[in-house]
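Undergrad: The following block contains the structure, expressed as structure tokens.
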Amino acid sequence: MYFPSYCSSPSSTSSTSILRACRVRFASTVSSSVNRSFSTPSRTFARNPPSHACSPPSNISYRSSSFSSEFRLVRCSAPRWSYGVDWRSPASLRAQIRTVSPVLDRFERKIATMASEHPFEGILSGLPKPGGGEFGKFYSLPALNDPRIDKLPYSIRILLESAIRNCDNFQVTKEDVEKIIDWENSAPKQVEIPFKPARVLLQDFTGVPAVVDLASMREAIKDLGSNPDKINPLVPVDLVIDHSVQVDVARSENALQANMDLEFKRNKERFAFLRWGSTAFRNMLVIPPGSGIVHQVNLEYLGRVVFNTEGILYPDSVVGTDSHTTMIDGLGVAGWGVGGIEAEAAMLGQPMSMVLPGVVGFKLSGKLREGVTATDLVLTVTQILRKHGVVGKFVEFHGEGMGQLPLADRATIANMAPEYGATMGFFPVDHVTLQYLKLTGRSDETVAMIETYLRANNMFVDYNEPQQERVYSSYLELDLADVEPCVSGPKRPHDQVPLKDMKADWHSCLDKKVGFKGFAVPKEEQEKVVKFSFHGQPAELKHGSVVIAAITSCTNTSNPSVMLGAGLVAKKACELGLEVKPWIKTSLGPGSGVVTKYLLQSGLQKYLNQQGFHIVGYGCTTCIGNSGDLDESVASAIVDNDLVAAAVLSGNRNFEGRVHPLTRANYLASPPLVVAYALAGTVVQSSVLPEMFKSTYEAITKGNQLWNQLSLPSSSIYAWDPDSTYIHKPPYFNGMTMDPPGPRGVKDAYCLLLVGDSITTDHISPAGSIHKDSPAAKYLMERGVDRRDFNSYGSRRGNDEVMARGTFANIRIVNKLLNGEVGPKTIHIPTGEKLYVYDAAMGVKAVIAKSFERIHRSNLVGMGIIPLCFKPGEDADTLGLTGHERYTIDLPTKASDIRPGQDVTVTTDNGKSFTCTLRFDTEEGEELPPNGSFTKVIGLLRKYGNWWLIPSRFDKLLPIKKSILEKSELEANNTVFTKPNFKRVQ
């Protein structure tokens with residue numbers, strides 16, 4: 001996808017842009033005179049000739065072309081998180097940023113002068129230890145003596161501390177600090193602030209492309225005559241390999257080992273590449289496969305809560321390339337998901353520009369009734385917050401009910417922030433947090449340091465003391481006693497269904513026309529029973545029959561109460577002589593080895609095994625779409641009889657085509673309910689010990705036998721294999737020159753797709769299985785890859801050629817240009833030929849939609865694609881647009897003339913003209929190179945097209961717009977149309 005206004009000439013095979021792409025400064029680059037180029041892949045998504053230059057990630061406005069003193073604050077000294085680098089060494093820093101340009105020396109001198117004059121040096125205070133001495137020094141918020149701070153939400157105080165600590169009056173200014181202190185007045189104005197997270201979190205689907213980029217940068221720097229070893233992350237990066245394991249083998253005592261063997265067989269090349277990266281790059285910690293789900297590992301092991309970096313104390317904060325990074329908010333650590341481009345910028349030490357968010361105060365009272373789970377609670381909270389409208393906001397939980405919520409329940413609620421639309425669902429640190437830190441093996445000294453620091457800096461909540469009233473943007477309240485058992489589905493996570501209404505809701509879904517709550521099954525077909533033979537024994541299915549029952553996902557498998565609850569349901573079933581039908585694919589994918597330990601310790605795992613819930617692997621499995629194949633007899637019964645088969649999973653995503661291509665109805669439920677529905681066959685802490693955590697994580701970085709046997713090249717430059725179908729050298733550094741191109745506009749562009757409501761990540765860039773007839777499959781087979789070795793789109797994100805072919809490859813996508821036909825094809829305009837989207841496309845230059853979710857819009861801008869919104873009350877229908885027109889987008893010819901939210905005129909070849917809002921939401925003009933060449937290459941799509949991260953979240957809106965509860969977004973070749981039914985709230 002390319003930004004239309006800044007294209008190279010049609011004959012160009014490569015385009016250039018600033019080496020510090022998107023103001024993402026490489027460790028060796030601080031001058032705007034250092035440039036880089038990108039060449040296009042042979043196939044892209046534009047109908048125009050490929051052309052592109054580097055673009056800045058949206059929501060990341062890089063305020064200078066120099067480094068600040070802030071970089072010295074990002075190394076953790078504790079052995080638990082050792083990255084083996086002296087982060088605060090001025091000599092090391094200078095060495096990393098020195099390049100050939102003499103301008104850099106002036107920058108360096110300027111930065112050194114600024115760094116020596118910290119504007120808030122006067123509030124740098126010592127933090128005494130109870131027994132004498134001190135833990136270190138910290139920037140004291142109480143020392144500012146500003147009464148406004150006492151009223152700030154705790155989540156905003158974290159932003160404030162970061163701004164104060166990193167203030168250099170260059171990248172972060174005193175004016176930025178004042179904006180945050182005056183949050184009550186400035187947040188409604190949607191002012192912009194910089195934020196520097198303490199660390200970055202990756203999983204392997206998104207981590208492989210990031211390491212590919214770093215490897216490519218090194219080679220590019222080498223080709224320019226500089227030292228490639230200067231390319232390293234400048235903040236700690238934690239990468240957990242957890243998205244690759246698939247449920248190939250289930251209902252077997254050997255399932256865990258068999259699936260791991262297959263995982264390594266399929267992904268040996270990817271894993272070897274990551275292992276190389278863990279040694280070739282400093283500041284990068286790689287957690288090997290088989291260790292657990294990234295967010296549970298983050299919660300139980302990686303989360304610091306408070307950093308102590310060479311005597312400087314500050315709150316932990318993290319951005320991650322997985323939307324459910326928000327799970328760490330349950331631990332009192334500020335964290336949220338970002339696009340891959342933003343994550344790379346943060347890795348390389350750049351401040352993120354963000355709109356100062358409003359904060360919704362959510363008061364909890366009472367306690368959950370017996371039999372009501374954390375899953376029931378989070379589905380209820382999700383529905384409440386979706387109705388309220390929390391797009392682009394923080395949600396901060398408080399109230400006396402907090403004392404009744406174990407940290408695992410808090411983490412469950414925080415995990416689903418993307419589903420209820422918030423940037424964060426934050427739980428401030430209190431005594432419950434400290435108890436959890438001790439439970440998970442953090443040392444007493446570390447916990448004491450965390451508590452002492454947070455109390456001293458007014459960031460600790462003690463519910464035993466009188467609470468000062470805090471100011472919030474809006475207020476909500478929930479009595480926990482009002483929560484009742486429920487599920488969510490059949491196609492969206494926020495469509496909550498009380499358990500008592502499930503039967504009626506299901507029959508309603510069968511009756512209704514095809515939609516989010518409808519399958520349009522004729523009355524006479526609804527009760528039909530399909531009989532077939534399953535490995536020699538009689539079997540039967542009907543509409544609503546469960547064919548997949550999976551205890552999976554980061555949302556629930558970190559929660560002992562619901563995991564033990566699943567075991568108790570299985571135990572009761574065994575005692576009653578009940579058993580799950582053998583044709584139902586059951587699986588258990590724990591979040592970490594700790595879960596296995598307490599299930600064994602409690603004696604419940606054997607009952608789960610008896611019901612077919614054997615452990616299949618430590619990873620996302622079914623929730624990310626790695627559910628594996630159904631038995632051929634089951635698959636044939638579904639396909640041949642057009643059955644609406646069901647999956648029940650303890651996950652957080654249930655969009656069409658995600659869980660499995662053959663399960664059209666997918667319900668989110670608690671682990672106990674997953675077991676219960678498996679038994680039904682249709683949709684009509686004493687065991688948790690601190691030693692379990694200690695023993696699990698003591699050796700986590702040591703890997704396992706399969707990991708340790710992977711080859712480990714010693715070179716700091718990666719040896720690319722031209723025949724690899726997993727790791728492909730991205731083309732956007734080829735032919736890099738020092739001269740960026742000039743701006744160009746978009747003229748007479750065609751439409752690629754015209755789609756409707758709730759187009760999600762899973763439609764745009766699926767992470768799951770590769771269909772045998774798809775362009776990606778053709779590409780792989782042409783290179784000798786057997787169908788059984790296709791693996792998944794997510795696992796092949798290190799190859800831009802595969803991911804380009806995988807865009808819009810969802811088998812359930814509905815493109816209105818096809819007049820009702822479902823599938824990943826489109827009408828080639830103007831020839832009228834029906835083609836796969838990839839075959840019809842050469843590049844995407846703009847998206848016109850009613851609304852965008854946050855990361856989606858950010859990725860578009862980062863890749864140089866224009867995000868445009870129809871004006872309120874207008875859409876393709878009201879404007880009489882059919883998608884068969886040609887479109888010209890009138891943008892300013894100078895980057896300096898582009899402003900957030902400005903009007904842009906779009907004209908068509910048949911005389912129509914309409915105005916759209918340009919969705920640059922921050923001062924992105926500041927991040928543009930002087931000549932305006934800020935587009936990004938489609939090569940980035942294969943990794944940052946991973947819009948599966950937050951498919952249900954909405955983007956923050958401009959001040960003139962209203963919060964939208966029902967979103968729609970449409971991708972098109974050069975334009976994108978949406979036709980949603982909107983519900984709006986003020």
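The values are calculated or read from the model by the stated rules, or taken from the named source; none is laboratory data. If you're wondering where the values come from, they're calculated on a predicted model, not measured in any experiment. A quick note on method: Cβ atoms are made from the backbone with ideal geometry, for glycine too, and the neighbour counts reach across all protein chains shown. Ligands, DNA and RNA are excluded from the accessible area calculation, which covers all protein heavy atoms including side chains. Shrake-Rupley method; radii C 1.70, N 1.55, O 1.52, S 1.80 Å.
Undergrad: Which sequence of Glu253, Glu465 reflects their accessible areas, 1.4 Å probe, from the largest down? Provide the component values of the computation, followed by the final result.
TA: Details: Glu253 150, Glu465 95 Å².
Largest accessible area first, the residues go Glu253, Glu465.
Undergrad: Step through the table entries Lys189/Lys393; Lys503/Lys523; Lys825/Lys871; Lys363/Lys393, compare each Cα-Cα distance with 20 Å, and write down the pairs that go over it.
TA: Lys825/Lys871
Undergrad: I would also like to ask the following. Listed highest first by mean packing, meaning other Cβ atoms within 10 Å per residue, what order do 574-584, 341-351, 400-410 come in?
TA: Details: 574-584: 15.5, 341-351: 27.6, 400-410: 19.8.
Highest mean packing first, the order is 341-351, 400-410, 574-584.
Undergrad: Same structure, new question: At a probe radius of 1.4 Å, what is the per-residue accessible area of Phe519, in Å² to the nearest 10?
TA: My reading of the accessible area for Phe519 is about 10 Å².
Undergrad: Per-residue HN-Hα couplings for region 219-232, Karplus 6.51 cos²θ - 1.76 cosθ + 1.60 at θ = phi - 60°, whole Hz, x for Gly and Pro?
TA: Working through the residues one at a time gives 5, 5, 5, 4, 5, 8, x, 9, 7, x, 5, 6, 7, 8 Hz.
Undergrad: Pop out the carbon and sulfur fraction of the accessible area of region 223-271 as a percent, whole number, probe 1.4 Å.
TA: 46 percent
Undergrad: Oh, and also: Excluding residues fewer than 8 places away in the same chain, name every one of the aspartates and glutamates whose C-alpha is closer than 20 Å to that of Lys438.
TA: Glu300, Asp316, Asp329, Asp409, Asp430, Glu451, Asp462, Glu691, Glu698
Undergrad: Could you rank the peptides 128-137, 801-810 by their average count of other C-beta atoms within 10 Å per residue, with the highest value first?
TA: Highest mean packing first, the order is 801-810, 128-137.
Undergrad: Separate question: Over region 314-397, with the other protein chains present, what is the accessible area per residue in square angstrom, probe 1.4 angstrom?
TA: The answer is 16 Å² per residue.
Undergrad: Show me 471-482, 754-765 ranked by packing, highest mean number of other Cβ atoms within 10 Å first.
TA: Ranking the peptides 471-482, 754-765 by packing returns 754-765, 471-482.
Undergrad: Something else: Rounded to whole Hz and in sequence order, give me ³J(HN,Hα) for region 813-822 from the Karplus expression 6.51 cos²θ - 1.76 cosθ + 1.60, θ = phi - 60°, writing x for Gly and Pro.
TA: Running phi through 6.51 cos²θ - 1.76 cosθ + 1.60 with θ = phi - 60° gives 5, 10, 9, 5, 5, 8, 6, x, 5, 9 Hz.
Undergrad: Separate question: Measure off, as a whole percent, the carbon and sulfur share of the 1.4 Å-probe accessible area of region 487-617, all protein chains present.
TA: 56 percent
Undergrad: For Arg455, tell me the accessible area in Å² from a 1.4 Å probe, rounded to the nearest 10.
TA: Result for Arg455: roughly 90 Å² accessible.
Undergrad: Among the aspartates and glutamates, select those whose C-alpha is under 17 Å from the C-alpha of Lys542, and discard any that sit fewer than 8 residues away in the same chain.
TA: Here the aspartates and glutamates satisfying the reach criterion relative to Lys542 are Asp505, Asp511, Glu524, Glu525, Glu527, Asp631, Glu632, Asp640, Asp642.
Undergrad: Report, by chain and number, residues whose modeled amide H sits under 5 Å from the one on Phe426, excluding near sequence neighbours (fewer than 5 apart, same chain).
TA: Val395, Glu396, Phe397
Undergrad: Can you run phi through the Karplus equation (6.51, -1.76, 1.60; θ = phi - 60°) for region 202-215 and list ³J(HN,Hα) in whole Hz, with x for Gly and Pro?
TA: 10, 10, 5, 4, 9, x, 4, x, 5, 5, 4, 4, 4, 5
Undergrad: Another one. Once amide H atoms are built 1.01 Å from N in the peptide plane, which residues 5 or more positions from Ala749, or in another chain, come under 5 Å H to H?
TA: Tyr887, Thr888
Undergrad: Which of rounded, prolate, oblate describes region 268-426, given a ≥ b ≥ c as roots of the alpha-carbon gyration tensor eigenvalues and a/c under 1.5 marking rounded, otherwise prolate only if a/b is larger than b/c?
TA: prolate
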